[in-house]
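The structure appears right after this line, and notes come after that.
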Amino acid sequence: AIAACTPIQSDQTNNPNLNPAVEEKLSPNNSPFTLKKVKNSISNIKSSFKGFESVASLVSPSAKRGKKSVAIDKTLVHDLVYKAESPDEAALVSAAKNIGFAFLGRTTESMTVDIFGQEYVFDILNVLEFNSSRKRMSIIVRRPEPLGGGIVLFCKGADNIIFERLASGQEQLIEKTSADIDEFSNDARMQPSHDLFELKASTAIQDRSSKIDVCSEEIERELILLGATAIEDKLQEGVPDCIANLRSAGIKIWVLTGDKLETAINIGFAAQLLTKEMRLWIVKGSKKDSVAEQLDHVYTSLIPSNDEQKDETGPDDTHAFIIDGSALIHLLDDEKSRQRILELSDYFHSVICCRVSPLQKALMVELVRRGKKSTTLAIGDGANDVSMIQAANVGVGISGQE
């Protein structure tokens, strides 16, 4: 999901489209500059693109009829080829270019964007980097005066992370966006003075990373939802056959993915890790007590309390275990829960962990390697798989788009 806010504006911008409120002085440094908090409103963001048609109205007729879509922006004369850290970032920028918003280039201090044939330069004030715990990234820019001026934060991250940081009054848009995201999942294989706080954190000698995360949390809130994106992510040919061959060699397969629950389940069926005959045991949620109760239910349902019965009960190929990343946070922090996951693993045909961070991927590999005293093999094709690959006995990195 993508969101934005206009957190701070200086006196010098003097933009009539924004609604300034409570003035604050930078008293710690006795700075002569006065900063104003700016009230978040959707009108603030819409003013940036005043006079531009909506993206929805720019879809070509051929695309609506199911035919191959074509770039409709005829104003761009640059022949651009984007190189990005991940394929989804390159896809997002390329799609924006095709509908008239072309990213032309960037320096350490600014970036240039072509909007329907007119070039604009945005000053880059700061970048709040992505990490496995934040699951989002933000950039703070100063808009050019023709687009309304002012300072704006743009944030892109996982939908659940963005939704909980949105300003109130957007319930209808959130509901519609959530429905679109669910459709993507099913169909696709597919912020007081922020500057001052950020300065103190970024120059700290001790616990710099955690202090920056705390400041970023202060800044990235009261956002205005702009929309959501999805990227097609099909399985390569031969994946189901490859998985079947690994199973025939006696290898148990766990899937650790950052995808949504629905997407992960769809991939599981496509890769034949899941079948319609299987019973899916799902543990999800962010509340510790609820997660523990769900795991207890799975454990007592599959593993009898009587030791003699337990010895007679073997692995059952009709069961699959699916854990959400939010729930996994609590499970990995509790010794009893970790032990139960290890015991349950023998009773499942497949285990899928979804919405997991790179760190959680590594912790799960470490849990199985040490807890089961097994030789583990980790295979990944992205930058977020590196820690998992390093945690396994044998790590395989596949050279691909990333």
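Odds and ends about this structure:
Residue by residue, here is whether (1) within 24 Å of the chain's Cα centre (by Cα); (2) buried (at least 21 other Cβ atoms within 10 Å of the Cβ); (3) among the basic types (Lys, Arg) holds:
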{"residue": "Lys361", "(1), (2), (3)": "yes, yes, yes"}
{"residue": "Met364", "(1), (2), (3)": "yes, yes, no"}
{"residue": "Lys373", "(1), (2), (3)": "no, no, yes"}
{"residue": "Asp385", "(1), (2), (3)": "yes, yes, no"}
{"residue": "Met388", "(1), (2), (3)": "yes, yes, no"}
{"residue": "Ala392", "(1), (2), (3)": "no, no, no"}
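Here's the yes/no breakdown for (1) outside any helix (DSSP H, G or I); (2) open to solvent by 70 Å² or more (accessible area, probe 1.4 Å):
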position	(1), (2)
Thr108	yes, yes
Val113	yes, no
Glu119	yes, yes
Val127	yes, no
Leu153	yes, no
Lys176	no, yes
Ala179	no, no
Asp182	no, no
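- In region 304-330, of all residues being under 27 Å from Arg247 (Cα atoms) and at pLDDT 85 or above, the one that is farthest from the chain's Cα centre (by Cα) corresponds to His319.
- Looking across Asp346, Asp334, Asp324, one residue alone is acidic (Asp, Glu) and within 18 Å of Ile265 (Cβ to Cβ). It is Asp324.
- Some residue of region 140-151 being surrounded by fewer than 19 Cβ atoms within 10 Å (Cβ to Cβ) and under 22 Å from Gly258 (Cβ atoms): no
- Checked against (1) modelled with pLDDT under 85; (2) within 15 Å of the chain's Cα centre (by Cα), Glu164 passes all but condition (1).
- Of all residues in region 224-267 being under 30 Å from Glu171 (Cβ atoms) and among the polar types (S, T, N, Q), the one that is modelled with the lowest pLDDT: Thr229
- Residue check, Tyr82 surrounded by fewer than 17 Cβ atoms within 10 Å (Cβ to Cβ) and under 30 Å from Met388 (Cα atoms): yes
- Matching entry among Arg189, Arg208, Arg221 (being of a type in the set (Lys, Arg) and modelled with pLDDT of 70 or more): Arg221
The values are calculated or read from the model by the stated rules, or taken from the named source; none is laboratory data. Every value quoted in this text rests on a predicted model; they were computed, and no experiment measured them. Cβ: placed from backbone, ideal geometry, glycine included. Neighbour counts: every protein chain shown. Ligands, DNA and RNA are excluded from the accessible area calculation, which covers all protein heavy atoms including side chains. Shrake-Rupley method; radii C 1.70, N 1.55, O 1.52, S 1.80 Å.
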